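Report on the structure given below.
Readers should treat all values here as calculations from the given coordinates under stated rules, not as data from a laboratory. Fair warning: this is a prediction, and the values are worked out from it, not measured in the lab. As a convention, Cβ positions derive from the backbone with ideal geometry for all residues, glycine included, and neighbour counts pool all protein chains shown.
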Amino acid sequence: MTETPFTVGASQTLATAQQIFARHRIRHLPVLSGNQLVGLLSSRDLGFLDGVTGLAGVMKVAEVMTPEPYTVEPRAALDAVAREMSRRKIGSAVVVDHGRVVGVFTTVDALRVLSGLLAEEAEA
Amino acid sequence: MTAASRSERPIAAFMTPSPPTIDCGCSIAEAREVIAAEGVRHLPVLDRGALVGVASACDLDRLQLGKPNVEPEVLAVAEAMKPQPFIVDPAMPVSRVIARMVDEGLNVAVVVDQAHVVGVFNSRDALRLLSELLDDETSNPLN
C-alpha cells in the first residue's frame with residue numbers, strides 16, 4: 001500500500017484538497033466526516049477543474065468523492081484484496097487499522113507488485 | 001506451465017478480448033450507455049476505424065462536470081477521451097506491458113493487431129493476474 005497520513009474533510013472545499021494533493025504529491029485522499037471514513041477522493045476526480053475558475057473554492061469534497069470506499073485491514077491477504085477489487089471493478093482500497101486510516105492500496109501499487117513478481121519469476 | 005514462462009506469455013492471453021469501441025463523433029451520453037451496457041471501464045475511441053484515444057467513465061464525468069450547462073447529448077467523446085493511448089501488439093510479453101504501465105503511470109493498454117483493436121489490458125485484468133499469481137505462490141510455495 002501507499003502510506004498516507006493525510007486526509008481531507010468531507011465539508012472542505014476542492015481547493016483545499018488540491019493544495020494537499022500538490023503539497024504532498026499524493027494521488028488519493030481518504031475523506032473523513034468527524035473521525036469517520038466516508039469516502040475517497042482521487043486527484044483524477046478533480047481533473048474537471050482544469051481551466052474552470054472559481055469552482056474549486058465553492059464545491060465541497062463530498063460532492064465529488066467516491067462514497068463508502070472499500071476498506072481492508074493492514075494484514076489482509078493481498079490476493080484476496082486484489083480479487084475483490086477486480087470483482088467490484090474498483091481501483092483502490094483504503095487500509096484501516098483499528099479505525100484509523102493508515103494507507104491506500106491502489107491499482108498502481110498492484111501493478112508495481114505484479115511487475116516485481118513477474119520479474120522475479122523470469123529470473124527464477 | 002512454469003511461472004517463468006508466464007511472464008513471457010503474450011498480453012493476448014491476459015487481455016479482455018473484443019472490447020466495445022465508440023466513434024469519436026458520438027456523444028458522451030452514448031458512450032455512457034455503452035459503458036453501462038457492456039460493464040467495461042474503458043472505451044477505445046475510433047476515428048474512421050482508426051484508434052485515436054481511450055475514454056473512461058471518469059473522463060466522461062470530468063468533461064460533464066467542467067461543462068455543467070451543456071447537455072451530455074451534445075458533448076463529443078473526442079473532447080473527453082485521452083488521446084495517444086498506450087498501444088501494444090498481441091504478442092508483446094505481459095511482463096513488458098506491465099513494466100511500461102508502471103514506469104509511465106498508465107492504467108490501460110489497448111491491444112491492436114493489424115490496425116484493429118482486439119483487446120484491452122487494464123487495471124482490472126492486472127488485479128486478476130495478481131490474485132492468480134499470489135494464489136499459485138500459496139499453493140506451490142517452492143516454485
Counting only other residues whose beta carbon sits under 12 Å from that of residue B:45, what net charge do I get with K and R as +1, D and E as -1? -3
Neighbour-count order for A:98, B:42, A:24, fewest beta carbons within 10 angstrom listed first: A:98, A:24, B:42
If amide H atoms are built 1.01 Å from N in the plane of the peptide, which residues on other chains or at least 5 residues away come under 5 Å of the amide H of residue A:102? A:95, A:96, A:97
What number, in percent, do you get for the relative contact order of chain B if the mean sequence gap of Cα pairs under 8 Å and at least 6 apart is divided by its residue count? 29 percent
Roughly what angle does helix A:78-88 make with the longest principal axis of chain A, taking Cα atoms, 0 to 90 degrees, to the nearest 10? 50 degrees
Using only Cα atoms, find the angle between the long axis of helix B:28-38 and the longest principal axis of chain B, and express it within 0 to 90 degrees, rounded to the nearest 10. 40 degrees
Given a Förster distance of 30 Å, report the FRET efficiency between residue A:6 and residue A:77 from their Cβ-Cβ distance, rounded to the nearest 0.05. 0.70
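If R₀ is 45 angstrom, what is the calculated FRET efficiency for the pair residue A:84 and residue B:48, using the beta carbon separation as r and rounding to 0.05? Provide the component values of the computation, followed by the final result.
On the way: r = 40 Å, r/R0 = 0.90.
The value I calculate is 0.65.
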Phi angles of segment B:85-90, converted by Karplus (6.51 cos²θ - 1.76 cosθ + 1.60, θ = phi - 60°) into ³J(HN,Hα) in whole Hz with x for Gly and Pro, give x, 6, 9, 10, 7, x
Which value in deg cm²/dmol, rounded to the nearest 500, describes the helix-derived mean residue ellipticity at 222 nm for chain A, given -39,500 (n - 2.57) per DSSP H run of n ≥ 4 and division by the residue count? -10500 deg cm²/dmol
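Using only helices, what value at 222 nm comes out for chain B when you add -39,500 (n - 2.57) per DSSP H run of length 4 or more and divide by the total residues, to the nearest 500 deg cm²/dmol?
So the helix-based figure for chain B works out to -12000 deg cm²/dmol.
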Report the one residue of A:21, A:74, A:96 whose Cα lies farthest in the direction of the positive end of the charge dipole of chain A (charges on C-beta: Lys and Arg +1, Asp and Glu -1; origin at the Cα centre). A:21
If neighbour count is taken as other Cβ atoms inside 10 Å, put A:65, B:101, B:92 in order from fewest to most. B:92, A:65, B:101
When the label point is put 7 Å from the Cα of residue A:18 along its Cα-to-beta-carbon vector, which residues of segment B:40-83 have a backbone N closer than 14 Å? B:66
Based on DSSP, what percent of beta bridges with both residues in chain A are antiparallel, to the nearest 5? 80 percent
Against the longest principal axis of chain B, how steep is helix B:94-104, in degrees 0 to 90 to the nearest 10, with axes from Cα atoms? 50 degrees
Can you compute the modelled spin-label distance between residue A:119 and residue B:30, with each label point 7 Å from Cα toward Cβ, in nm? 4.4 nm
Any idea what the dipole of chain A comes to, in debye rounded to 20, about its Cα centre with Lys/Arg Cβ at +1 and Asp/Glu Cβ at -1? 340 debye
